[in-house]
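> Okay, here's the structure, questions in a sec.
No lab work stands behind these numbers, since they all come straight from the coordinates. All figures in this text were calculated on a predicted structure; none of them were measured in a lab. Positions of Cβ are generated from backbone atoms using ideal geometry, with glycine treated the same way; all protein chains shown enter the neighbour counts.
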Amino acid sequence: VLRKLIIISRQRGHSISRRRMSKTNFVEVRTFLHLFRSFDRMWAFFILAFQAMVIIAWSPSGSLSAIFEPTVFRDVMTIFITAAFLNFLQATLEIVLNWKAWRSLVCSQMIRHVLKFVVAIGWLIILPVTYTSSIQNPTGLIKFFSNWIGNFQSQSIYNVAVALYMLPNIFSALFFIFLPIRRKLERSNAHIVRFLLWWTQPKLYVARGMYEDTCSLLKYTTFWILLLICKLAFSYYVEISPLVGPTKTIMFLGRGRYIWHEFFPYLQHNLGVVFTIWAPVVMVYFMDTQIWYAIFSTVCGGVNGAFSRLGEIRTLGMLRSRFEAIPKAFGKNLVPTHRGEPKRHEQDDRTSLMEKKFSYIWNAFISSLREEDLISNRFVVAVSVSFLLTCF
């Protein structure tokens with residue numbers, strides 16, 4: 001009977017192994033696009049900062065003060081069009097990469113993804129169209145879009161569109177700074193508050209309204225602001241700005257005839273050479289943040305450890321001296337004091353009383369550890385206060 005059961009189980013195993021089984025509990029589509037989807041705000045910030053720095057460095061003066069020039073400032077404002085495209089890419093990836101999980105989503109989550117996708121498409125159309133109204137003497141496709149706007153041939157309509165586009169981010173920054181308001185809103189059950197939070201983030205039940213204190217948040221924010229300032233300054237003055245001059249020279253040179261094979265033989269302005277020069281710089285620009293983080297975390301960690309007096313007790317002699325001061329610190333911080341200035345003999349009596357109280361509490365603590373079988377009898381004898389005081 002046992003042999004028949006083994007044969008039947010093997011036959012069933014072979015028949016099951018021949019059929020192809022799909023992954024039923026795996027709903028996300030795993031691609032390298034998750035690097036952008038999971039860290040979309042970081043990628044968007046670096047891309048927009050890189051675009052702004054290239055535009056400023058490409059200006060005739062090449063200095064940071066060129067951003068106050070009208071033409072350069074108008075070109076820098078195109079970063080919002082890039083931000084709209086990145087937002088559209090994020091909304092698209094939210095739908096595509098979670099397509100297999102849509103059957104498990106509730107109706108409100110589906111509506112949220114679809115509305116975000118529609119709003120992203122709307123801003124992707126509105127911002128380029130309104131930007132074309134600020135360009136003088138437009139031609140080609142830009143002229144076609146400018147005719148849509150009619151008589152609004154000024155940059156004011158684009159500024160209004162940018163202000164409306166940035167309004168949710170401004171509110172998010174204010175709520176990030178003023179934590180009590182954010183904590184109160186997240187704990188609120190008002191319909192308008194629930195709708196706004198539903199649009200910005202999924203509804204949370206665990207750790208709802210629980211955040212760090214304001215001091216810790218300010219220190220964390222200051223750390224990253226200083227890190228990003230140093231990173232962007234290094235990228236602008238060392239990586240981007242020195243490369244703009246040679247790039248202009250290469251682009252305005254005539255196409256030469258090369259002996260070796262050309263990968264891009266029909267590109268104008270030597271764009272293949274420009275791409276070859278800028279590719280390592282762009283890669284270093286996106287990767288050197290971890291180097292700056294290592295530097296800043298080391299410096300800030302060392303300073304914080306020095307002020308926190310970490311590693312102060314390094315020898316047994318220092319340990320003995322610190323242990324002798326424990327009864328005094330115990331009496332100063334944990335035992336209430338009487339009013340008035342005590343006399344000298346009263347101070348001596350109080351010191352001996354503090355030592356007795358400390359020894360009583362310490363021995364009770366050691367006894368509780370022994371009752372819970374966390375330490376051995378030998379360790380109890382070694383760390384008892386009477387034994388330590390006589391030895392030290």
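> May I ask you to compute the full-extension gain from PHE323 to THR82, defined as 0.36 nm times their residue separation minus their alpha-carbon distance, rounded to one decimal in nm?
Numbers: separation 241, 0.36 × 241 = 86.76 nm, distance 6.23 nm.
Extra length from PHE323 to THR82 when fully extended: 80.5 nm.
> Here is a further query. Neighbour counts of other C-beta atoms within 10 Å: give me LEU105, LEU316 arranged from fewest to most. Please list the in-between numbers first.
Working: LEU105 14, LEU316 8.
By the 10 Å Cβ count, ascending: LEU316, LEU105.
> Which length gain, in nm to one decimal place, applies between THR71 and ASN333 when the Cα-Cα distance is subtracted from 0.36 nm times their residue separation? Can you show the working numbers first?
Working: separation 262, 0.36 × 262 = 94.32 nm, distance 6.52 nm.
Value of the extension gain: 87.8 nm.
> What distance in nm lies between label points placed 7 Å from Cα along the C-beta direction at TYR220 and ILE295?
If labels sit at TYR220 and ILE295, their model points lie 2.4 nm apart.
> Round to the nearest 0.05 the FRET efficiency obtained for ARG378 and SER308 when R0 = 45 Å and r is the Cβ-Cβ distance.
Details: r = 33 Å, r/R0 = 0.74.
The pair ARG378/SER308 has a calculated efficiency of 0.85.
> Further question on the same structure: Set the Förster distance to 35 Å, then compute FRET efficiency between LEU197 and ALA163 from the Cβ-Cβ distance, nearest 0.05.
Details: r = 23 Å, r/R0 = 0.65.
Given R0 = 35 Å and the Cβ-Cβ separation, E is 0.95.
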